[in-house]
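The values are calculated or read from the model by the stated rules, or taken from the named source; none is laboratory data. This is a predicted model, so every value here is computed, not measured. Please note: Cβ atoms are built from the backbone with ideal geometry, for glycine as well, and neighbour counts cover all protein chains shown. These area figures cover heavy atoms from the full protein model, side chains too; ligands, DNA and RNA do not enter into them. Shrake-Rupley method; radii C 1.70, N 1.55, O 1.52, S 1.80 Å.
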Amino acid sequence: MRVGRNAGATRGASTGSLTRRIIGVAALWILVLLLGGGLGLDRVLRAAITRNFDAQLEYVLTAMIASAEIGPDGEVRFNRPLGDQRFLEPYSGLYWQVSGRGFDPFRSRSLWDRALTVNTAHRDRAIHVYDSKEFPQDPLRVLERDIRLPDSGVDWRFQVAQSRAGLNEQIAILRRTLVRSFAALGLGLIIMSALQATYGLWPLRKIRREISAVRTGHISRVDERLPDEIAPMVEELNDLLAHNEKQADEARRHAGNLAHALKTPLTVIMNEATGDSDDLKATVIREATTMRRQVDHHLARARAVGRRGSAQSRSEVWPSLKAVERAVSRLYRQVTIDLAGDKEAAVHVERQDLDEMLGNLIENAAKYGQGRVFVTVSREAGFVEIEVEDDGPGIPATQRNTLFERGARLDTGKPGTGLGLAIVRDVSEIYEGTVSLEESEDLGGLNARLRLPIAP
């Protein structure tokens, strides 16, 4: 039961929903942008409202200065009243005051029994704007400026103040509008990103259903029309399915061939054993040798099929040729093996498979030739060509193709099982190569031409 749980946990392992990831990232980015934009917009609009508020007060301050004059006693007076009725209403929230050293403050009626505080921190002619909390429960926005009127030696401070309640209310309305608008915008953008992610990833759900149908055997390929971004992945998936089917077919054919190859030797052994043949020992040894060669052949082919998918398969041809030449020269000391051609060529084949193919071709040339073997390496159109020529009697063109059949032999007087060329053909085809038999123009015997893909 433990194994089952672990297997299920491994199969169900997940890093989370891709849709939730996309929506989460989009929502986070939307919130960051809206928060930053909202704060910036709040700052700009709040400053604009405040400037407009101050501009109105500055207009009043300018009107005060323009209508001010010096009376007979040296005090300030206005030659015309200010137009805003709130200056006449006590505690209306809009006030003015003119102050000078040695004189009582000249105040609006709206101040009633209060007076504005004179800030002595500055003594210049510029307009100064600030917030004041000198009146409890009624924060003020104050504009003030020092002016020396004609016929007066006193610096008069003109002040106009208004309650911030109206300004604060405008800012509060602005902020409520911004928060509601940006909240609706953010919610809409998040919903849109959710719809976009759901719609954009919907083809992946189609692929899941198609793969499930492939697994259950309802279909053999994913044929659904899909977007351009996903189509290459589906093509690779179909190629993988085709590759697996091909390997399964090869495995079934391989198993059938092996069973057929072993059936005849086993039948011979059983017949000899049940017939109490005097030649049983020799028969068993002969047929067992044949069976071992068959098993070796099929194992070599199975190994080549297993290694075929390796993208790193790369073998230098020349070192492999030298190794095979040394081994064959020890077996056939009377044979001269010459190597020529491209020493830098490399093929997209595993080294042991390349050694096996070259070993079979060169050994056959040495076995059936008259003492000379010539091997040439060249490159052509994405392939490496390896030609193995001998000076033997050659083979008629009508009989060359039959040599690639398992067990086919034209010279039964020499040892062998007739599997060498069949192995070369099968392994070369696994790596998408070819092997062919021709007549040697230089030595007059057989020319075995092996073509293998160049290593990337």
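The single condition among (1) modelled with pLDDT under 90; (2) touching a Phe, Trp or Tyr at 6+ places or on another chain (Cβ under 8 Å); (3) assigned to a helix (DSSP H, G or I) that Thr10 does not meet is (2).
Does region 13-24 hold any residues that are surrounded by 11 or more Cβ atoms within 10 Å (Cβ to Cβ) and either modelled with pLDDT under 85 or of a type in the set (D, E, K, R) (or both), and which are they? Scanning region 13-24 gives Ser17, Leu18, Thr19, Arg20, Arg21. All of Ile395, Ile362, Ile386 fail the test of being surrounded by 22 or more Cβ atoms within 10 Å (Cβ to Cβ) and either touching an Asp or Glu at 6+ places or on another chain (Cβ under 9 Å) or modelled with pLDDT under 90 (or both), apart from Ile362. If only residues of region 38-83 that are of a type in the set (Lys, Arg) and over 60 Å from the mean Cα position of the chain (by Cα) are counted, the one that is nearest to His128 (Cα to Cα) is Arg77. Return the residue satisfying two criteria in turn: it lies in region 114-161 and is closer than 15 Å to Val98 by Cα and of a type in the set (S, T, N, Q), and of such residues it is surrounded by the most Cβ atoms within 10 Å (Cβ to Cβ). If we take residues in region 114-161 being closer than 15 Å to Val98 by Cα and of a type in the set (S, T, N, Q), then Gln159 is surrounded by the most Cβ atoms within 10 Å (Cβ to Cβ).
Of all residue pairs spaced 6 or more apart or on separate chains, those with beta-carbon atoms under 6 Å, a first member in region 133-147 that is modelled with pLDDT under 90 and a second member that is part of a strand (DSSP E or B) are Asp138/Ser163.
Within region 267-297, can you find the residues that are crowded, with 17+ Cβ neighbours inside 10 Å and in contact (Cβ under 8 Å) with a residue 40 or more places away in the chain? Passing the criteria: Thr290, Arg293, Gln294, His297.
Among the residues making up region 366-380, those that are more than 20 Å from Glu316 (Cβ to Cβ) and surrounded by fewer than 18 Cβ atoms within 10 Å (Cβ to Cβ) are Gln370, Gly371.
Residues checked against (1) open to solvent by 30 Å² or more (accessible area, probe 1.4 Å); (2) in a helix (DSSP H, G or I); (3) free of Cβ contacts under 8 Å to residues at least 12 places away in the same chain:
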{"site": "Ala26", "(1), (2), (3)": "no, yes, no"}
{"site": "Gly36", "(1), (2), (3)": "yes, yes, yes"}
{"site": "Gly40", "(1), (2), (3)": "yes, yes, yes"}
{"site": "Thr50", "(1), (2), (3)": "no, yes, no"}
{"site": "Ala55", "(1), (2), (3)": "yes, yes, yes"}
{"site": "Tyr59", "(1), (2), (3)": "yes, yes, yes"}
{"site": "Ala63", "(1), (2), (3)": "yes, yes, no"}
{"site": "Ala66", "(1), (2), (3)": "yes, yes, yes"}
{"site": "Asp73", "(1), (2), (3)": "yes, no, yes"}
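Within region 343-362, the presence of at least one residue that is of a type in the set (S, T, N, Q) and under 14 Å from Leu446 (Cβ atoms) is confirmed. When you check Asp42 against the structure, is it at pLDDT 90 or above, closer than 30 Å to Arg107 by Cα and out of contact with any Cys (no Cβ under 7 Å at 6 or more places or on another chain), yes or no? Judged against the criteria, Asp42 is not a match. Looking only at residues of region 314-328 that are open to solvent by less than 30 Å² (accessible area, probe 1.4 Å) and assigned to a helix (DSSP H, G or I), we find that the one that is farthest from Glu385 (Cα to Cα) is Val328. Among residues of region 352-401 being of a type in the set (Lys, Arg) and in contact with a strand residue (DSSP E or B) (Cβ under 6 Å, 6 or more places away or on another chain), the one that is nearest to Tyr431 (Cα to Cα) is Arg400.
The residues of region 225-245 that are open to solvent by 70 Å² or more (accessible area, probe 1.4 Å), over 22 Å from Ser17 (Cβ atoms) and touching a helix residue (DSSP H, G or I) at 6+ places or on another chain (Cβ under 9 Å) amount to a single one, Arg225. With the condition kept exactly as written, say whether any residue in region 136-153 is over 28 Å from Leu45 (Cβ atoms), not basic (Lys, Arg) and not in a loop (DSSP other than H, G, I, E, B). Checked region 136-153: at least one residue is over 28 Å from Leu45 (Cβ atoms), not basic (Lys, Arg) and not in a loop (DSSP other than H, G, I, E, B). Restricting Ile191, Ile173, Ile211 to those that are assigned to a helix (DSSP H, G or I) and surrounded by 15 or more Cβ atoms within 10 Å (Cβ to Cβ) reduces the list to Ile211.
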